[in-house]
Amino acid sequence: MSIERINPDSLAPPIMDLYAQVLVCTGSRQVRIAGQVAVDADGKLVGEGDYAVQARQTWLNIKNAIEAVGGTGRDIVRYSINVVDHRPELVPVIYQAARDIFGDDFPKAASTLLGVQSLALPGWLIEIEAEAILD
């Protein structure tokens, strides 16, 4: 499996170096991880009202999901983040949680972060879905 991350000179550099503009991937298994929220393995909401705590749990769920199929954060090629009542100061909070959870395996992938009015259930502040390529 190979993932080539490209930031062409014809595009602006990735903001805060958090993603790659273009990924070229080869591999035999495509993995799609359902939207994850700050719910622990027992189904309980973690960090009600706290973006930092919910971001951490949500990224941990993504990490656990990718590891369950034999991958790491480096195998993630795309993810989408939905944030209730998003504001710019939440960006470093959300991405610091990812760096804390993944460490050197932080997924520098094609990504989108969207502010949304609400998620499926009350109390959920962040939802992340991801895609990966594995051999």
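Check region 98-114 and report whether any residue there is aromatic (Phe, Trp, Tyr) and part of a helix (DSSP H, G or I).
Scanning region 98-114 turns up at least one residue that is aromatic (Phe, Trp, Tyr) and part of a helix (DSSP H, G or I).
Does Ile128 meet the test of being outside any helix (DSSP H, G or I) and open to solvent by less than 30 Å² (accessible area, probe 1.4 Å)?
Taking the combined requirement at face value, the residue satisfies it.
Any chance you could count how many residues in region 1-12 are surrounded by 10 or more Cβ atoms within 10 Å (Cβ to Cβ) and outside any strand (DSSP E or B)?
Let us first name the residues in region 1-12 that are surrounded by 10 or more Cβ atoms within 10 Å (Cβ to Cβ), namely 1, 3-7, 11.
Checking the rest, the ones that are also outside any strand (DSSP E or B) come to 1, 7, 11.
Here the count works out to 3.
Check every one of the strands (runs of 3 or more DSSP E) wholly within region 16-88 and list those with 2 or more residues that are touching a Lys or Arg at 6+ places or on another chain (Cβ under 9 Å), loosely packed, with under 12 Cβ neighbours inside 10 Å and not acidic (Asp, Glu).
Those strands (runs of 3 or more DSSP E) span 22-26.
How many residues are open to solvent by less than 30 Å² (accessible area, probe 1.4 Å) and either without any contact (Cβ under 8 Å) to a residue 12 or more places away in the chain or within 10 Å of the chain's Cα centre (by Cα) (or both) if we restrict to region 103-125?
3
The values are calculated or read from the model by the stated rules, or taken from the named source; none is laboratory data. The structure presented is a predicted model; accordingly, all values stated were derived computationally and were not measured. Positions of Cβ are generated from backbone atoms using ideal geometry, with glycine treated the same way; all protein chains shown enter the neighbour counts. For the accessible areas, the whole protein counts, side chains as well, though only heavy atoms, and no ligand, DNA or RNA atoms are used. Shrake-Rupley method; radii C 1.70, N 1.55, O 1.52, S 1.80 Å.
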